[in-house]
Each structure stands twice: as structure tokens, then as C-alpha cells.
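Before any comments, here is the structure.
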Amino acid sequence: MSKKNSKRITVKIGTRVLTDSRNEIDRRIISDLAAQVSELMNSGTDVIVVSSGAIGAGLGLLKLDKKQRSLSELQAAASVGQNHLMDIYNEYLGKNGYIAGQILLTQEDFNDRRRFLNIRYTLNTLLKHKAVPVVNENDSISTEEIKCGDNDRLSCLVADLAASDMLILLTDVEGLYDDRGRLIERVDEVTDDIRSFCRGKGCEESAGGMMTKLEAARNATRSGITCVIANGRKKDVILDIAHGGKSGTLFEAAGRKVKARKRWIAYSIRPSGRIIVDPGAAKAVAQGRRSLLPSGVLDTDGKFIDGDVVDVVTEKGELVARGLTNYSSEEIDRIKGLRTDRIEKELGHKDYDEVIHRDNLVVVEG
Ligand code: GLU
């Protein structure tokens, strides 16, 4: 990708890039990265940073035992570490005339369309005022249920939300290696063979490994965003990639762009449950791009309410689509298998003919 068309880049910086073996933030690295980010901003490219390292740095600062730490200790570490991390970003961005704008998110911010759009406005406004957004998971308040999970996933969500042209995932290896240990320069599709090359399972302080990076790269390319996994410690790596250089493993953006609202349904929200459908309905939804009607529903799995995002699956559990449901799991359990003209009699009301309308339904591959 040439510099010319790469107008907005999201750069995710992993804990392993930012911290040393004593869990201390490596200032030299942040200094280098801040200089590269600033150079791109000077040339008119918007840069959004998604930075890990808060928990790692906080553990070091609080001198917490690495092995025995409770959730509340991790959250305390995140609170202390995040502050410290932002100080350092500000120090080095400041040397180049920029300022950092902290944004801390959880999965819930992506589930709610208004909050989701609001994050976009804030990011755009920061960039308009020459501030560099520095995003992280809000680890000091987030529990398992509301967590994005890992910053690879978070950075993909942010890259999409902010309509980035490119997502750069910086880690401590050169990119993805094949089973003979050779760097793969380019991946056209994330297949099971490609997944089998993942060995790294992440370190103690970071949530992700190569697998979460691959999933992020896959979702990014499907959203029309080119993705590169590369070594964050390599000199001028961000500049090299932004200028079309060969660093890391490249995942070229897919040509077919799904509309923003449908991408939000498909990738940004965690599904609240599943609707199990018969083969006819699966085919109508997947191939015919039709709405899902109660007659094709066999069962539900999990508790959800109307307006939630749910997976539409076959009896074997194969994912067919994802969509916003018009009815709760309880209601669907009462109308499953019925013709639409019987919905009202069964429920006492009928707001919609469809369980999921085709406009709110996205066919996704598992
Ligand atoms: N949010 C975590 C932190 O800042 C890192 C999560 C991750 O590495 O994926 O420490």
C-alpha cells in the first residue's frame, strides 16, 4: 500500500514490544514509536494507537507477585500502569509537538450503536486537533463478561470503527512464520493451514498470541482494511509499512466491502445467543439473502432479548449468519416452527413477520 492512499492507520502495540523482562516500560521504544507516529501525522496521515502494556507496567510498579494475582490486583495494576503509560506517551509525543488523547473501552461500548458512533466522533475530533488517540481496554473496570478480550481484537474493532485504511499489529517477532520457521510475507486468506502455523500463545501479561492476531487480520481484511503483523522493535517499522515497504506479514484488504452497519452487526458485537434453523431456512438466509422467519426456526440457545445480536446456526452448529433479532429467546421458543400469521395468536402481539429481517442479517463464514 502506498503512502498516498494510506490516510488513516491504526497501530496496535503489544505488551511484549513495550515492556522489558522486569515489566518496566521501555522508554526508548516509546520514544521511537512516538517519533514515527509524529512523522506520519506531519505528512497528513491520521494515526490511532492501540496500546497494551498497562497491566504489565502496573504489575512492575506495584511490585506484585507475578504468579499469584487476583482479578482485583490485575485491575489495580491496570489502573496504575495505564496512567504511567500515558505519561510516557505524552512525554515523547510532546517532544514532537503532539499530545495523546486517552480512550479506554470495553466490549459494551461496541455493543451499543450510539456509544459506538460516539467513539468515532471523539476519535475524529482528537485527530482533527492534532492529538493522537491512544486506546486501551478499560481493564481496571472490565470483567470477563464485558471485556473485548485482547487488544488484537480491540484494535481491529477500532480500525473498523474509525474507517482506517490499514491496521498494523506490532509484536516481538517479524510476523507469521511457516512450519519451517520462514517468514510468510503475504497471506491471501486465513485458512486452517495458515492457522496451524500459530504457536505463540502470548506471554503472561498480554492476552493475545499469534492466533488472536490472525483473527484480527482476517476480520480487518474483510472490512476492507489492509493488515500487517510486524516486529515493533525493528527500526522505523511503522514508516516502512506505511510507505509500502516489506516489513512483516501482509494481509491485503478484501475487495468486497460489507456496509458499515452490517460490519458492526457481524464483527463488533458479541452475540448473546443462537437461533438454530432448519436446512431450508439456512439456505434461504445464506444463499437467497432472505429474512429469517419463525417457520424455519428449530430452537434457541441462550437467553437474549429483542434487539440483541444472535448467531444463526444449523443443527450441527455451523454458523450461517449473524443478525439483530426482533424477538426474545422466550418469544422465539413459543413461535418457532409457526407460520407468520400465527405469531399474533401465540404471543398476543406481532411487531414483525420476521425473526430477523434481511436488512439486519449478515451472512458470515465461521
Ligand atoms: N489491555 C491489556 C494491557 O494494557 C493488554 C491486553 C492485550 O495484550 O491483549 O495491559
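Restricting to region 186-223, give me the number of residues that are among the charged types (D, E, K, R), within 16 Å of the ligand (Cβ to nearest atom) and modelled with pLDDT of 90 or more. Let's see the steps before the verdict.
The initial filter retains those residues of region 186-223 that are among the charged types (D, E, K, R), namely 186, 188-189, 192-193, 195, 199, 201, 204-205, 213, 215, 218, 222.
Still in the list and also within 16 Å of the ligand (Cβ to nearest atom): 201, 204-205, 213, 215.
This time we only want the ones that are modelled with pLDDT of 90 or more, so: 213, 215.
Summing the residues that are among the charged types (D, E, K, R), within 16 Å of the ligand (Cβ to nearest atom) and modelled with pLDDT of 90 or more in region 186-223 gives 2.
Pick from region 139-176 the residues that are open to solvent by less than 40 Å² (accessible area, probe 1.4 Å) and β-branched (Val, Ile, Thr): which of them is farthest from the ligand (Cβ to nearest atom)?
Checked region 139-176; the qualifying residue farthest from the ligand (Cβ to nearest atom) is Ile168.
Please specify each residue of region 19-32 satisfying the condition of being in contact (Cβ under 8 Å) with a residue 60 or more places away in the chain and open to solvent by less than 80 Å² (accessible area, probe 1.4 Å). If you could, list the steps in order and put the result at the bottom.
Of the residues in region 19-32, the ones in contact (Cβ under 8 Å) with a residue 60 or more places away in the chain are 19, 23, 25, 27, 29-32.
The answer is Thr19, Asn23, Ile25, Ile29, Ile30, Ser31, Asp32.
Being within 23 Å of the chain's Cα centre (by Cα), assigned to a helix (DSSP H, G or I), of a type outside the set (Lys, Arg) and on the phi < 0 side of the Ramachandran plot: is that true of Ala76 here? Before you say what the answer is, go through the steps one by one.
Details: within 23 Å of the chain's Cα centre (by Cα): no; assigned to a helix (DSSP H, G or I): yes; of a type outside the set (Lys, Arg): yes; on the phi < 0 side of the Ramachandran plot: yes.
Answer is no for this residue.
Among the residues that make up region 47-62, is at least one of them within 30 Å of Ala163 (Cβ to Cβ) and more than 13 Å from the ligand (Cβ to nearest atom)?
Taking every residue of region 47-62 in turn, at least one turns out to be within 30 Å of Ala163 (Cβ to Cβ) and more than 13 Å from the ligand (Cβ to nearest atom).
Which condition does Gln82 not pass, out of (1) buried (at least 18 other Cβ atoms within 10 Å of the Cβ); (2) outside any helix (DSSP H, G or I); (3) without any contact (Cβ under 8 Å) to a residue 60 or more places away in the chain, if it passes all the others?
Tallying (1) buried (at least 18 other Cβ atoms within 10 Å of the Cβ); (2) outside any helix (DSSP H, G or I); (3) without any contact (Cβ under 8 Å) to a residue 60 or more places away in the chain, Gln82 fails exactly one: (2).
State whether the residues of region 224-238 include one that is open to solvent by less than 10 Å² (accessible area, probe 1.4 Å), assigned to a helix (DSSP H, G or I) and on the phi < 0 side of the Ramachandran plot.
At the first step, the residues of region 224-238 found to be open to solvent by less than 10 Å² (accessible area, probe 1.4 Å) are 225-230, 232, 237-238.
Cutting the leftovers down to assigned to a helix (DSSP H, G or I) gives us 237-238.
Imposing the further condition that a residue be on the phi < 0 side of the Ramachandran plot reduces the set to 237-238.
Yes, there is a match, as at least one residue in region 224-238 is open to solvent by less than 10 Å² (accessible area, probe 1.4 Å), assigned to a helix (DSSP H, G or I) and on the phi < 0 side of the Ramachandran plot.
Residue check: is Gln102 of a type outside the set (Gly, Ala, Ser) and open to solvent by 60 Å² or more (accessible area, probe 1.4 Å)? Explain how you work it out, then say what you get.
On the way: of a type outside the set (Gly, Ala, Ser): yes; open to solvent by 60 Å² or more (accessible area, probe 1.4 Å): yes.
Yes; evaluated as a whole, the condition is true for this residue.
So which of Tyr92, Tyr98, Tyr121 is among the aromatic types (Phe, Trp, Tyr) and within 25 Å of the chain's Cα centre (by Cα)?
Numbers: Tyr92 fails: within 25 Å of the chain's Cα centre (by Cα); Tyr98 fails: within 25 Å of the chain's Cα centre (by Cα).
After applying the criteria, what remains is Tyr121.
Take region 294-310 and flag every residue that is more than 23 Å from Glu108 (Cα to Cα) and surrounded by fewer than 21 Cβ atoms within 10 Å (Cβ to Cβ).
Passing the criteria: Ser295, Leu298, Asp299.
The values are calculated or read from the model by the stated rules, or taken from the named source; none is laboratory data. Note that the structure is a prediction, hence the values are computed from the model and not measured. Cβ sites come from the backbone with ideal geometry, for glycine too, and all protein chains shown count toward neighbours. Surface areas here come from the heavy atoms of the whole protein model, side chains and all, with no ligands, DNA or RNA. Shrake-Rupley method; radii C 1.70, N 1.55, O 1.52, S 1.80 Å.
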